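Structure record follows, encoded as structure tokens.
The values are calculated or read from the model by the stated rules, or taken from the named source; none is laboratory data. None of these values were measured; they are calculated from a predicted model. Note: ideal-geometry Cβ built from the backbone for every residue, glycine included; neighbour counts use all protein chains shown.
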Amino acid sequence: MPTAEKQAVLNEIAENLENSKAVYIANYSGMSVADVNELRGAFRKGDVFFKVYKNKLMKLAMEEVGGYEEIIPALYEQNAFAFVEEELAAPAKVLKDFVKEHNKPEFKAAIVDGDFYGEDKLDVLAAMKSKSEIIGDIIGLLMAPLSNVVGALESQGSNLVGAVKTIAEKGEE
């Protein structure tokens, strides 16, 4: 039976897992405190909750919540966890940019919308479009035919106006 303190942490982790559509694991071994704080700040800007939890407590919470069986084997070494509700690729983009500059942390795995992504999939995750980008693409696709119709009507209208004007001018002669 976990102590009251550990139970509170377990409840916090379970709540984070239940409220998140994506969970990323990164090994932060060898990073300085300053680097970890810088990484935490980068995640905060991306609206991502980033926290270090003990692997054992994370495993217990993942087993309790369910759906994390594939990612549990990645729970070894010093791990930090990124939880996100909306922009599912945000943690991958932050990690990719941070790794470029600092060569750490090591991306280990992620569960995104119930799908498992291993350590070799960071680039794939970072390339995913955000929700707002997808909505923009859809709106652009929907607007394209409309703007084509409006453009065609305008050009036809100007031809029609030109033809009427020509006829009117001929009638005056």
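Of all residues in the range 100-113, those that are of a type in the set (V, I, T) and in contact with a helix residue (DSSP H, G or I) (Cβ under 8 Å, 6 or more places away or on another chain) total 1. Contact map, the range 96-118: residues that are modelled with pLDDT under 95 paired with residues that are of a type in the set (K, R), Cβ distance under 7 Å, separation 6+ or inter-chain. Pairs shown: D113/K21.
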